[in-house]
Each structure stands twice: as structure tokens, then as C-alpha cells.
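A short worksheet on the structure shown next.
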Amino acid sequence: MQQKHVVFFGVLTLVIGLVLRGIPVRRAPTDIHQARSYWKARIDQTGAPAAYKEFKTVYQDLAYKKKHAMVHVFGESLFQTIGLRGLTSCDDTFGYGCFHGFLGSALGAKGLAAAPAIVSACKEKYGEEAVECFHGLGHGLLTYLGIGKLEPTLSVCGSIGSQTGQKSCATGVFMEYNFPTMESLNGKPTVRKAQVNPHEPCSSLPLVYQDSCYLYQANWWLVVYGYDYQKVGELCGQAKDSNAQQVCFEGMGFTTAAVNNYQVDTIRSDCGKLSSQSWDMLCRVGAGMGILREKKERQQALALCLGLGQREQLECVVKLEREEQ
């Protein structure tokens, strides 16, 4: 009986805590259309920071893909409710999706004329490189200009300024090209169909875009080839140069971490399906980057390096420690 009282008190305390923080105890909607209306109302009622805090709490236990889709919706709702000033509320939660939805909605409403103001706002809030913000801008640009306008969109990214900003914008373009989530009318992500040449569009683009392209090409391959790690590993190994190959394997790891909910043992098992220790190591490094960015868990990221050969393990640790700097 005493144990039941303790459990009841714990639940009651949690409920009271949620109420005192202004977070509704009821579950927020997971239907895309209902969620748009819900979050517009919450942003209007509580303000953007409080609504975003609530959002993170109520959706944190959903599967990664669903969380990412929902945070797109929040970003859209944020722009539609308070305009461009809402950009400063976005962060890296659930794969930076707030930026994706916000900037796609902003460009859809205001067109390319809004791009300079968006770039300035990104830099003012997040610094000159503004990686997450410019990545979201890439999503929005391709949606606005059209999926078939890949190179013109990349040219707009090239006008941003810093090299890091340009690459971040390009990664958003390629992610949207492979998974046109913002174009889908029903809110469900779609996937680009497999091509006769699986290396397209990367193989047809200038060398300057190879790294950004292959980062999300690996993600796309995993989906269209049913997470066949050996096949995707062989395709990454065929990339034009060593830098593109490395980014490809790291992109594979980044995706692997997300779909496995950042569980170290499962990630190591999946990356271990690759046919060489060096590829396995790069996959784990990419997964570790995902953990560092999404979970901020240094020891969890470094634990991915365990079980590799001595040389690969050391290289894995060095790469992840460099990522932290």
C-alpha cells in the first residue's frame, strides 16, 4: 500500500509540475493538420518560447521520423503566427526541423526577396556560420524554386558568404531533394525514387558540391535499398574522391544513429555490417556526430569507438573529439 502511495504521489507531482509550467497534461495532436492549428493557437496563447518548450516535452518520445515531421509543422506554425522574428526561437531539436519548416514557409510567403533578411537574421542570432539555420534555408529554397531546379538553388546557396554557410545551405538542398517533406500536401515525407545511376545527382554536379551531396545520398540509399549496409557501403566506396567517400560513410552513420534512437549497441551492430574496419569506423564517427549534436552526450558518442581495431579506434576518438571543438 505504501508503495502505491509513493507511485501516486510521484505521478501527482509530475502532473502538478506540468500544469505549473503551463504545459497541458493532455496529449498534443500527432495528425499534421490538427497539429498546425494546435501549435498556432499555443504560440499565440503562450508566446513562442513557452510553446516550443511544451512542444519538445510532449513529442520527445515519438519515433525520430515522426518527431522530425512534427517539428517541421511547429516551424511552419511559428512563421505563420509571428513572422520572421520567430526564427530566433528555432534550435537543433529533432534534427533542426524547426528551421526547415519555418524557412520553407517564409520563402513560400515572401519569395526570394526574403532571402537577404533571412541570411542576416541567421547570422545575427547563430553566428557567421549559422549551420542549422542555413541548412534550413536550403530546404526552403529548393521547395520555393522547385525540385527540378537543383543547380539554380545551389547557386543561391553560393551567395551566402562563408564556405561553411554555403555548404550548410547545400546540405539542406540535397536533403529536401531526396526527401521532399515540405512539398508533400498531406504532411507525410516522400522519397525520391531509385535511379538507373544510383550516384545521381552527385555524379553530375561540380566537385564543390560532392561532399554535401553524398552526405544525404547515403541517407537516401539506406532508405531506398532497405538498409542494406553492404550495398550502401559499396556505393559510398565508389564516390569520386576520398573526401566524398568519407562524408558518405559519415552520413550513413548519422542516419543510423537517428533511426536507432541513438542506442550505442544497435548503431555499432549496423555499422559493423560494412565490409571493412575503416568504413565501419567512419560510420560510427558519423553516428557519434549525431549523438553529439542531438543528445550532447560525449561519453555515449565515444563509446561507439569501442570494439574497433586499435588504429581505427584511435582515429574514431580523434575525429569525435575534433567535432566537439
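Six or more apart or on different chains, Cβ under 7 Å: which pairs go from a residue in region 203-232 that's free of Cβ contacts under 8 Å to residues at least 40 places away in the same chain and over 20 Å from L154 (Cβ atoms) to one that's among the small types (G, A, S) and in a helix (DSSP H, G or I)? Could you list them?
V232/A218
When residues of region 220-234 are filtered for being surrounded by 22 or more Cβ atoms within 10 Å (Cβ to Cβ) and β-branched (V, I, T), how many remain?
Looking only at that region, the number is 1.
Yes/no per residue for (1) closer than 16 Å to M175 by Cβ; (2) in a helix (DSSP H, G or I):
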{"position": "R192", "(1), (2)": "yes, no"}
{"position": "W220", "(1), (2)": "yes, yes"}
{"position": "N243", "(1), (2)": "no, yes"}
{"position": "R268", "(1), (2)": "no, yes"}
{"position": "K273", "(1), (2)": "no, no"}
{"position": "G290", "(1), (2)": "yes, yes"}
{"position": "K296", "(1), (2)": "no, no"}
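Can you spot a residue in region 277-285 that is at pLDDT 95 or above, hydrophobic (A, V, I, L, M, F, W, C) and in contact with a Lys or Arg (Cβ under 6 Å, 6 or more places away or on another chain)?
yes
Would you confirm, using the coordinates I've provided, whether S155 is assigned by TED's automatic domain parsing to the domain that holds C283, free of Cβ contacts under 8 Å to residues at least 40 places away in the same chain and out of contact with any helix residue (DSSP H, G or I) (no Cβ under 9 Å at 6 or more places or on another chain)?
no
In this structure, is F102 at pLDDT 90 or above and surrounded by 17 or more Cβ atoms within 10 Å (Cβ to Cβ)?
When the stated conditions are applied, F102 passes them.
In a helix (DSSP H, G or I), surrounded by 14 or more Cβ atoms within 10 Å (Cβ to Cβ), at pLDDT below 95 and not assigned by TED's automatic domain parsing to the domain that holds H135, is that true of L18?
When the stated conditions are applied, L18 passes them.
Kindly evaluate R27 against the criterion of being outside the structural domain of E294 (by TED's automatic domain parsing), assigned to a loop (DSSP other than H, G, I, E, B), basic (K, R) and out of contact with any strand residue (DSSP E or B) (no Cβ under 6 Å at 6 or more places or on another chain).
yes
The values are calculated or read from the model by the stated rules, or taken from the named source; none is laboratory data. All values derive from a computational prediction rather than experimental measurement. Note that each Cβ is placed from the backbone with ideal geometry, even for glycine, and that neighbours are counted across all protein chains shown.
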